[in-house]
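Novice: Mind looking over this structure? Questions follow.
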Amino acid sequence: MKIPIYQVDAFSKTVFGGNPAAVCPLDSWLYDATLQHIAAENNLSETAFLVPRAGEYEIRWFTPVVEVPLCGHATLASGWVVLNALDPKRPAVRFFGKSGELVVARDGDKLAMKLPRYDPLPAIAPASLVPALGEKPREILATEHKLLCVYDGAESIVDMRPDMTALARLDRSVCVTAPGGAFGCDFVSRFFAPASGIPEDPVTGSAHCLLTPYWAKQLKRDSLFAKQISKRGGEIWCLLGDRDVTLTGHVAPYLVGEIEV
């Protein structure tokens, strides 16, 4: 069986920046084990699989080791594939996944994506968290799947060298963030998910589902500009809604090909 594959760099104007995602359009769903094998073979932080549904698409996301309930950058990448390769005349596309209905629409030379809003709540840190990060945060919050650690300065985020083995033992991924004045943005972040096979994710759309409401409250503005300061780096324009967040960014295509399974 031959399957088309696209690899694009999300949240970047140019290739070799942002977060690379693979997107594989399918006629129908394959066995879960086959999807997981493909994602492991791709060895990217996420591979998205699409299946047509009533003019729109069902979507699923896999890291090299596990299926995840939501992935922002691979959804943006999937939007690029549909709106540029599969059906270039349409203005927007809806995806249906484990996190509900997600929309990707054209926005000038960027794409805008609606994702669920998650408001993080104050949390008690696991005992191993601060030693694993190497510096105590000013504030610790959490959602069901993520821990959010807030620091006073961007230098703490830049200099952080976390113990990935210790972080992998936690039951949630970890996002670290700080004000972004030194980087010409509203806030900066990094994201670690070693338990899901992603030691550090280059740019994480789903993390901005909680970063956006947190920083909107702190800065008293609903419209924010963010940078994820990983090695590859990426830029995200964030807009807070009542029940969702809109994340806007560039997408740079890198590869079009075919895989055989």
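The values are calculated or read from the model by the stated rules, or taken from the named source; none is laboratory data. Everything quoted here is computed from the prediction, not taken from an experiment. Positions of Cβ are backbone-derived with ideal geometry, glycine not excepted, and every protein chain shown enters the neighbour counts.
Novice: Within the set of pairs 6+ apart or on separate chains, which have a first residue in the range 188-206 that is touching a residue at least 60 places away in the same chain (Cβ under 8 Å), a second that is of a type in the set (A, V, I, L, M) and not in a strand (DSSP E or B), and C-beta atoms under 6 Å apart?
Specialist: S196/V66; G197/V65; S206/L70
Novice: While we're here: Out of all the residues in the range 228-245, which are over 15 Å from D9 (Cβ atoms) and in contact with a Phe, Trp or Tyr (Cβ under 8 Å, 6 or more places away or on another chain)?
Specialist: Looking only at the range 228-245, we keep the residues that are over 15 Å from D9 (Cβ atoms), and these are 229, 237-245.
Correct list: I229, W237, C238.
Novice: Among the residues of the range 72-99, which ones are exposed (fewer than 14 other Cβ atoms within 10 Å of the Cβ) and either within 20 Å of the chain's Cα centre (by Cα) or of a type in the set (F, W, Y) (or both)?
Specialist: Scanning the range 72-99 gives a single hit, K98.
Novice: On to the next question. Search the range 240-261 for residues that are over 16 Å from S206 (Cβ atoms) and pair each with any residue that is of a type in the set (D, E, K, R) and exposed (fewer than 12 other Cβ atoms within 10 Å of the Cβ) when their beta-carbon atoms are under 6 Å apart and the residues are at least 6 apart or on different chains.
Specialist: Every condition considered, the pairs that remain are E258/K2; E260/K2.
Each row is one residue, and each column tells you yes or no for (1) touching a His at 6+ places or on another chain (Cβ under 9 Å); (2) among the β-branched types (V, I, T); (3) farther than 23 Å from R221 by Cα.
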site	(1), (2), (3)
V150	no, yes, no
G153	no, no, no
L170	no, no, yes
A178	no, no, no
A182	no, no, no
C185	no, no, no
S189	yes, no, no
A195	no, no, yes
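Novice: When W215 is evaluated against the numbered criteria (1) crowded, with 20+ Cβ neighbours inside 10 Å; (2) within 16 Å of the chain's Cα centre (by Cα), which criterion, by number, is the only one it fails?
Specialist: (2)
Novice: Which residue out of L76, L50, L83 is assigned to a strand (DSSP E or B) and either of a type outside the set (F, W, Y) or at positive phi (or both)?
Specialist: L50
Novice: Go through the residues of the range 191-204 one by one and say whether even a single one is assigned to a strand (DSSP E or B), of a type in the set (F, W, Y), outside the structural domain of L50 (by TED's automatic domain parsing) and touching a helix residue (DSSP H, G or I) at 6+ places or on another chain (Cβ under 9 Å).
Specialist: yes
Novice: Could you say whether any residue in the range 145-164 is among the basic types (K, R), in contact with a strand residue (DSSP E or B) (Cβ under 7 Å, 6 or more places away or on another chain), assigned by TED's automatic domain parsing to the domain that holds F192 and closer than 25 Å to W61 by Cβ?
Specialist: Yes, the range 145-164 has at least one match.
Novice: Would you mention how many residues in the range 237-261 are over 30 Å from H37 (Cα atoms), outside any loop (DSSP other than H, G, I, E, B) and out of contact with any Ser or Thr (no Cβ under 7 Å at 6 or more places or on another chain)?
Specialist: Going through the range 237-261 one residue at a time, the tally reaches 3.
Novice: Restricting to the range 142-159, what's the tally of residues that are without any contact (Cβ under 8 Å) to a residue 60 or more places away in the chain and in a strand (DSSP E or B)?
Specialist: Residues flagged as without any contact (Cβ under 8 Å) to a residue 60 or more places away in the chain and in a strand (DSSP E or B) within the range 142-159 amount to 3.
Novice: Which condition does A127 not pass, out of (1) among the aliphatic types (A, V, I, L, M); (2) assigned by TED's automatic domain parsing to the domain that holds A207; (3) modelled with pLDDT of 95 or more, if it passes all the others?
Specialist: The one condition A127 does not meet is (3).
Novice: Can you find a residue in the range 117-129 that is in contact with a Ser or Thr (Cβ under 6 Å, 6 or more places away or on another chain) and in contact (Cβ under 8 Å) with a residue 24 or more places away in the chain?
Specialist: Yes, there is a match, as at least one residue in the range 117-129 is in contact with a Ser or Thr (Cβ under 6 Å, 6 or more places away or on another chain) and in contact (Cβ under 8 Å) with a residue 24 or more places away in the chain.
Novice: State all residues of the range 70-122 that are of a type in the set (S, T, Y) and modelled with pLDDT of 95 or more; if no residue qualifies, say none.
Specialist: T75, S78, Y118
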